[in-house]
Amino acid sequence: MSAISAEQFNALLMEKLPMARDLAIRAESIGKGSARLIMPFGPHLTRPVDVVCGPALMTLADVGLYAAVLSAIGQQEMAVTSNLNISFLRKAERCDIIAEATLLKLGRRLAMGAVELIAAGSDELVAHVTATYAIP
C-alpha cells in the first residue's frame, strides 16, 4: 500500500508547490513506488510553434517522481531533486501529457527513478526521464 494517496498528494501540490498548481498538474493514481500524473494542455504551456515546452515537461516529470518517492517514504516534503536527465523524443502538439513514474531504487538517503512522458490519447513517448531524489 502506498504511503500517500493521490488525494493527499494533490492537496500537497495545491498547498506547497505553486508551480505544479499553476500548470494544473494532478495525480491520477499512486501506488507504492509508482505514480501516474496528468498535465492538461493549455496555451500557457506552448512554444511559438504550438508544442508543449520543455520546461513544462521537465516540471511534470519532476513532480511525477516526487509522487513516486513520497509513495514509498511518506509525506517528507523536503525530499528534493538532486539530479534530473531528460531525453526529448518527439514533440507534443496541443495535447495533455501523462507522466508514468516508477522508483528504480530506494535507499536510505537517495531514491532513483524513471518517468515516461506520454501524449494523452496515444502511446507516443514524448520524453524519457531519469532522476535522483535526496531523502532527508
* To do: With no solvent and one equal point scatterer per Cα, compute the Debye intensity ratio I(q)/I(0) for the chain at 0.16, 0.18 Å⁻¹ and report its log10, rounded to two decimals.
  => -0.72, -0.91
* Asked: Dipole magnitude of the range 67-129 about its Cα centre, charges +1 at Lys/Arg Cβ and -1 at Asp/Glu Cβ only, in debye to the nearest 20?
  -> 340 debye
* To do: Only helical DSSP H runs with n ≥ 4 go in: add -39500 (n - 2.57) per run for the chain, normalise by residue count and round the 222 nm mean residue ellipticity to 500 deg cm²/dmol.
  => -8000 deg cm²/dmol
* Each label point is 7 Å from the Cα along the Cα-to-Cβ direction; what then is the distance between the points at Val80 and Thr102, in nm? -> 2.9 nm
* Structure fact -> The ³J(HN,Hα) series, computed from each phi in the range 64-79 with the Karplus coefficients 6.51, -1.76 and 1.60 at θ = phi - 60°, rounded to the nearest Hz and given as x for glycine or proline, is x, 6, 4, 4, 5, 5, 5, 5, 9, 10, x, 7, 9, 4, 8, 5
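Laboratory data are not the source of any read-out in this text; all were calculated from the coordinates shown. None of the values given here were measured: they were computed from a predicted structure. Note that we place each Cβ from the backbone using ideal geometry, even for glycine, and neighbour counts take in every protein chain shown.
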